[in-house]
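Read-outs: derived from the displayed coordinates by stated rules, not from any lab. A quick note: this is a predicted structure, and the numbers were derived from the prediction, not measured. Using ideal geometry, Cβ is built from the backbone for each residue, glycine included, and neighbour counts are taken over all protein chains shown.
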């Protein structure tokens with residue numbers, strides 16, 4: 001495996017696709033594909049049985065492998081996969097196939113599930129709403145379920161699984177009475193719950209945008225709608241493969257998946273389908289808001305054009321009079337009238353008032 005180990009400097013190849021980075025390399029070559037990270041990867045292990053649990057901060061992969069051999073379940077988390085040699089070391093100590101490690105290192109990998117010998121691999125995207133970015137952030141999360149251990153690979157430090165860790169340490173719920181497959185289910189379920197949170201945040205923004213567009217459509221609204229539509233499409237592309245993979249996991253009949261866990265997997269699959277339906281509904285709503293924006297903008301333009309047309313219509317006869325009496329001829333009788341100037345003003349004002357009354361009756365004003 002070491003002869004295949006290769007790490008690419010992502011700062012020099014930012015924006016290069018995964019296929020381009022791995023072009024020419026043999027299958028199973030360990031190449032990190034993702035955004036550069038500036039922190040040191042670190043390991044965390046939680047070992048638990050029905051009687052108790054313990055949390056360990058460790059420094060080396062070999063220590064994690066030793067803890068995984070203890071009785072019960074060992075939950076090993078690697079925060080930071082940007083150093084391919086550490087992921088390769090995890091593979092060596094836990095017997096993970098090189099092709100599985102290749103998928104773990106590819107943060108652009110679509111959600112997938114595979115079986116390699118006595119190990120079950122599962123990857124998905126963790127979605128979270130970012131208030132600073134005012135949008136959805138995506139993070140690759142990979143699980144490896146083995147006999148007596150669950151390996152969790154995360155691209156960045158910090159996650160949404162602290163609630164599960166606290167429940168294991170405190171002994172609440174069923175986690176300590178179940179095996180590793182139930183822990184994997186709970187982690188998938190936690191990620192799916194975050195999908196609902198992200199979808200609700202988007203729904204709130206859609207409602208606010210709709211109110212703003214109805215009040216006064218502006219160009220910034222269109223850019224926000226297009227960004228939202230793109231995010232919804234990304235979320236849908238991320239979640240649909242997850243639905244299929246959870247279904248495969250449910251039907252796999254893998255010895256590590258106990259029959260007691262299958263109903264829970266069916267339940268989480270139902271939740272995934274519900275999220276997909278919500279995203280489809282929100283996409284239709286955003287499309288409708290885009291049409292509403294275009295309609296409101298067109299109506300606003302029509303109102304402007306109507307006012308300009310009325311103003312132009314009023315000045316046409318006035319321009320005619322000023323044009324006639326502005327000609328340089330001596331034989332224009334009205335020019336020699338004592339009150340001709342005032343009479344002309346009276347005629348023009350009367351025409352203006354008459355046209356305004358006409359436009360008002362026609363409801364053009």
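Please build a GNM for the chain, connecting alpha carbons under 10 Å apart, and tell me which residue among 30, 151, 248 fluctuates the most.
Ranking 30, 151, 248 by mean-square fluctuation puts 248 first.
Can you give the angle from 0 to 90° between the axis of helix 84-94 and the longest principal axis of the chain, with both taken from C-alpha atoms, to the nearest 10?
40
Could you rank the peptides 278-284, 237-243 by their average count of other C-beta atoms within 10 Å per residue, with the highest value first?
Values: 278-284: 16.1, 237-243: 18.6.
Listed from highest to lowest mean packing, they are 237-243, 278-284.
Using 1/(1 + (r/R0)^6) with R0 = 41 angstrom and r between the beta carbons of residue 361 and residue 284, what's the FRET efficiency to the nearest 0.05?
On the way: r = 42 Å, r/R0 = 1.03.
Result of the calculation: an efficiency of 0.45.
Taking a ≥ b ≥ c as the square roots of the eigenvalues of the Cα gyration tensor of segment 110-174, is the shape rounded (a/c under 1.5), prolate (a/b larger than b/c) or oblate?
Oblate.
Quick one: if you stick a label point 7 Å off each Cα along the C-beta vector at residue 167 and residue 308, how many nm between them?
About 6.3 nm separates the two model spin labels.
Using alpha carbon centroids, what distance separates segment 102-147 and segment 304-365, in Å?
75
Determine the shape class of segment 65-187: with a ≥ b ≥ c the square roots of the Cα gyration tensor eigenvalues, call it rounded for a/c under 1.5, and otherwise prolate if a/b is greater than b/c, oblate otherwise. Don't skip to the end; give the middle numbers.
On the way: a/c = 1.79, a/b = 1.10, b/c = 1.63.
It comes out oblate by the Cα gyration axes.
Contact order normalised by length for the chain, with contacts defined as Cα pairs under 8 Å and 6 or more residues apart; what percent is it?
On the way: 465 pairs, mean separation 46.7, N = 365.
Dividing the mean separation by the residue count of the chain yields 13 percent.
As an exercise, use a Förster radius of 45 Å and the Cβ-Cβ distance of residue 233 and residue 39 to find the FRET efficiency, rounded to the nearest 0.05.
On the way: r = 31 Å, r/R0 = 0.68.
Here the calculated transfer efficiency is 0.90.
Any chance you could get the radius of gyration and Dmax over the Cα atoms of the chain, in Å?
Rg and Dmax of the chain, Cα atoms, are 34.1, 119 Å.
Before rounding to the nearest 500, sum -39500 (n - 2.57) across all DSSP H runs of length at least 4 in the chain and divide by the residue total; then give [θ] at 222 nm in deg cm²/dmol.
Numbers: 9 runs with 193 residues, N = 365.
Counting only the DSSP helices, I get -18500 deg cm²/dmol.
Just to confirm the number: angle between the C-alpha axis of helix 262-324 and the first principal axis of the chain, 0 to 90 degrees, nearest 10?
20
Classify segment 39-114 from the C-alpha gyration tensor, please: rounded if a/c falls under 1.5, else prolate or oblate depending on whether a/b exceeds b/c.
Values: a/c = 1.96, a/b = 1.62, b/c = 1.21.
Here segment 39-114 falls in the prolate category.
Using 0.36 nm per residue of separation minus the Cα-Cα distance, give me the extension gain between residue 212 and residue 342 in nm, one decimal. Write down the numbers at each step before the final one.
On the way: separation 130, 0.36 × 130 = 46.80 nm, distance 5.03 nm.
Between residue 212 and residue 342, full extension yields 41.8 nm more.
Just from the alpha-carbon atoms, what are the Rg and Dmax of segment 77-124 in angstroms?
10.3, 26
What number, in percent, do you get for the relative contact order of segment 91-201 if the mean sequence gap of Cα pairs under 8 Å and at least 6 apart is divided by its residue count? Kindly include the intermediate steps, with their values, before the conclusion.
On the way: 137 pairs, mean separation 22.8, N = 111.
RCO, segment 91-201: 20 percent.
If I build a Gaussian network model for the chain, linking alpha-carbon pairs within less than 10 angstrom, which residue out of 303, 114, 63 has the largest mean-square fluctuation?
For the chain, modelled as a Gaussian network with Cα springs under 10 Å, the answer is 303.
On C-alpha positions alone, give me the angle between the axis of helix 219-251 and the longest principal axis of the chain, in degrees, nearest 10.
Value to nearest ten degrees: 30.
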